[in-house]
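> Quick one: this structure, given as structure tokens, is what I'll be asking you about.
The values are calculated or read from the model by the stated rules, or taken from the named source; none is laboratory data. Not measured: the values here are computed from a predicted model. No Cβ is skipped: glycine too gets one built from the backbone with ideal geometry, and neighbour counts run over all protein chains shown.
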Ligand code: HEC
């Protein structure tokens, strides 16, 4: 009896461990109580491998984008009948960004500050009545006067003369003073412009007072 008892104790654990490690019929999980063990451990592995696959795919995507720079087509390859061939209006809009209207800024502009801001202009311009032309024309009474005309026959560039027929109102002065080369490409006024809108308004306010 002790012998068979000993044999029983030894036999059962052996059969047990064999059942866990080497399932012959593929029913390992069901046999061990199934779903609960599957979800606590094996699901983690499944989820981890799915996530790993996603991350690898993402990193591969980013790397390949860095290696091969996708270049957008400059022209559409297939021209659809009736469709515009290029996006010209969009390109023009990007080239000449619209300035904010000057009128609201002019309403709170400071002529005194404007006068100080015109110190940079005085290398090339007088601002006095009957003042002589320098590198640029005298600017007395410039607001409301015709563009590129008069001033004792100042030799204006053809770039600015292209605007002949227009008058210097605050809005045009705003565009001109923001960037002379944008307003009149090729102008003789080699001045980078006043980037700050309120500063331009101050200058225009000062110019308005010169009459
Ligand atoms: C480096 C010299 C220079 C500076 C600095 C300069 N200008 Fe001029 N300006 C010119 C020249 C040259 C012209 C004539 C442009 C042309 O014919 O293309 C001109 C033209 C103008 C005109 C048009 C005159 C007209 O009768 O149509 C205005 C307005 C003007 N300048 C304002 C200014 C103001 C305001 C500043 C300062 C914020 C300034 N300029 C700074 C040289 C200069």
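> Filter segment 144-171 down to residues that are surrounded by fewer than 17 Cβ atoms within 10 Å (Cβ to Cβ) and assigned to a helix (DSSP H, G or I), then give me how many there are.
Total meeting the criteria: 3.
> All but one of (1) in contact (Cβ under 8 Å) with a residue 12 or more places away in the chain; (2) in a helix (DSSP H, G or I) hold for residue 176; which doesn't?
In the conditions (1) in contact (Cβ under 8 Å) with a residue 12 or more places away in the chain; (2) in a helix (DSSP H, G or I), residue 176 misses (1) alone.
> With respect to residue 82, is the statement that it is modelled with pLDDT of 60 or more and on the phi > 0 side of the Ramachandran plot true? Break it down stepwise before answering.
On the way: modelled with pLDDT of 60 or more: yes; on the phi > 0 side of the Ramachandran plot: yes.
Considered against the rule, which asks whether it is modelled with pLDDT of 60 or more and on the phi > 0 side of the Ramachandran plot, residue 82 comes out as yes.
> Looking at segment 101-132, which of its residues are near the ligand (Cβ under 9 Å from one of its atoms) and free of Cβ contacts under 8 Å to residues at least 24 places away in the same chain?
119, 122, 123, 125
> Only residues that are free of Cβ contacts under 8 Å to residues at least 60 places away in the same chain, under 40 Å from the mean Cα position of the chain (by Cα) and more than 10 Å from the ligand (Cβ to nearest atom): list them for segment 145-171, please.
165, 169
> For segment 179-192, enumerate the residues that are under 16 Å from residue 120 (Cα atoms), more than 6 Å from the ligand (Cβ to nearest atom) and surrounded by fewer than 16 Cβ atoms within 10 Å (Cβ to Cβ).
Result: 192, single match.
> If you don't mind, there's one more thing I want to ask. Would you call residue 176 near the ligand (Cβ under 7 Å from one of its atoms) and either under 22 Å from residue 109 (Cβ atoms) or out of contact with any strand residue (DSSP E or B) (no Cβ under 6 Å at 6 or more places or on another chain) (or both)? Steps first, please.
On the way: near the ligand (Cβ under 7 Å from one of its atoms): yes; either under 22 Å from residue 109 (Cβ atoms) or out of contact with any strand residue (DSSP E or B) (no Cβ under 6 Å at 6 or more places or on another chain) (or both): yes.
So residue 176 passes the test.
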